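Report on the structure given below.
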Ligand code: 13P
Ligand code: ZN
C-alpha cells in the first residue's frame, strides 16, 4: 500500500520527481547521495490523507516558518541516492506535514525515511515563496559539474558576471532562465546560514542560485521546470568550456544581439 494509490494527480507529481532524479544521475550531477528535491504537495491533500497517523515523532524545523502551517511536502531522504529514487521514490523519500506550531514536522508516508539534510534551505525557501504568493512549488539542489567549477574562481562569483557570460553562449539560455544565476558565498552544507543566504539571493529575483564550491539551488512551478533552468545554464557553461578547450575565449553574443533577443521574447533587460 502506498499513499499514492488512487491519487493520480499526486502520483503524477511524484513521477516527475523520479524522472528528474534519473536525469540528475545520468548527467553526472548526483554522485552518491548528492542533491535533493522537495515539492509542496499541499494542493493534493484530501481528507483521507489528513486523517493518516504520523509514522515518526515530531521533528524540529529549527526555525519557525509561519507560512508553512498545514503544508505537506515530498522530500528526498537524507543519504538516499537519486539513481535509487528514480526507480523507487517512496522508499528513497517521504511525505511530511508541518504541524500547526510551524516549527515541527512529522513523517506521514510511505516509509519513515528522514528528509534531506538540506531541509532548512528547502523549507525556508518554500516559506518565502508562499509568503510572496509565488506559484512555485518545487525546489531542486544538485551538483552540476561545469557550474560548480565556475564558482572556484573569484571573478565568476562577482554579481551577474557569470549570468552575462552564460546568457551570451546560446540564445535559449536567457529565454529559458531569464532571471540569471545568483551567487551565494561558501557556507557549511545543511546550515541555517546557508538557508538564510539562499533566501536573500532568491529575493534578489533569481530562480537559480549557486552555492559556491558546492552546487545549485533552483525553484520553479514544478520540478521539471526547475531542472530545465539548471540544464540550460549548465549547457552554456559547457559551451564556454568547450571553446576554452579549443584554445580560444568565445566571443559570446553581442550586446545588440542580447537586446534584440530580450525585446523579441519580452525578457527583462
Ligand atoms: P542529503 O543526502 O542529506 O539530501 O544531502 C545531499 C547533499 O547534496 C547535501 O548538500
Ligand atoms: Zn549538496
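The values are calculated or read from the model by the stated rules, or taken from the named source; none is laboratory data. Since the structure is predicted, the reported quantities are computational estimates derived from the model, not experimental observations. Cβ placement follows ideal geometry from the backbone for every residue including glycine, while neighbour counts extend to all protein chains displayed.
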Just one of the numbered conditions (1) within 14 Å of ligand 1 (Cβ to nearest atom); (2) crowded, with 17+ Cβ neighbours inside 10 Å is not true of residue 220; which one? (1)
In segment 36-82, the residues that are crowded, with 18+ Cβ neighbours inside 10 Å, in a loop (DSSP other than H, G, I, E, B) and within 16 Å of ligand 2 (Cβ to nearest atom): 80, 81
Residue 15 fails exactly one of (1) modelled with pLDDT of 95 or more; (2) assigned to a loop (DSSP other than H, G, I, E, B), namely (2)
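Give segment 202-218 a look and list any residue that's away from ligand 2 (no atom under 16 Å from the Cβ) and either touching a strand residue (DSSP E or B) at 6+ places or on another chain (Cβ under 7 Å) or assigned to a loop (DSSP other than H, G, I, E, B) (or both), or say none.
Our first condition is that a residue be away from ligand 2 (no atom under 16 Å from the Cβ); within segment 202-218, this holds for 202-207.
202, 204, 205, 206, 207, listed by residue number.
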Of all residues in segment 84-97, which are more than 17 Å from the chain's Cα centre (by Cα) and part of a helix (DSSP H, G or I)? 84
The one condition residue 32 fails out of (1) touching a helix residue (DSSP H, G or I) at 6+ places or on another chain (Cβ under 7 Å); (2) surrounded by fewer than 22 Cβ atoms within 10 Å (Cβ to Cβ) is (1)
In segment 246-269, what residues are in a loop (DSSP other than H, G, I, E, B) and surrounded by fewer than 12 Cβ atoms within 10 Å (Cβ to Cβ)? 246, 247, 248, 249, 251, 254, 266, 268, 269
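Residue-by-condition table, conditions (1) farther than 27 Å from residue 258 by Cβ; (2) in a loop (DSSP other than H, G, I, E, B); (3) in contact with a helix residue (DSSP H, G or I) (Cβ under 9 Å, 6 or more places away or on another chain):
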| position | (1), (2), (3) |
| --- | --- |
| 121 | yes, no, yes |
| 125 | yes, no, yes |
| 174 | no, no, yes |
| 193 | yes, no, no |
| 199 | yes, no, yes |
Residue that is surrounded by the fewest Cβ atoms within 10 Å (Cβ to Cβ) [pool: residues in segment 2-29 that are in contact with a strand residue (DSSP E or B) (Cβ under 9 Å, 6 or more places away or on another chain) and more than 18 Å from residue 218 (Cα to Cα)]: 2
Which of the numbered conditions does residue 103 fail, given that it passes all the others? Conditions: (1) touching a residue at least 60 places away in the same chain (Cβ under 8 Å); (2) surrounded by fewer than 21 Cβ atoms within 10 Å (Cβ to Cβ); (3) under 17 Å from residue 191 (Cα atoms). (1)
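Can you name every residue in segment 128-145 that is within 16 Å of ligand 2 (Cβ to nearest atom) and crowded, with 18+ Cβ neighbours inside 10 Å?
139, 140, 141, 142, 143, 144
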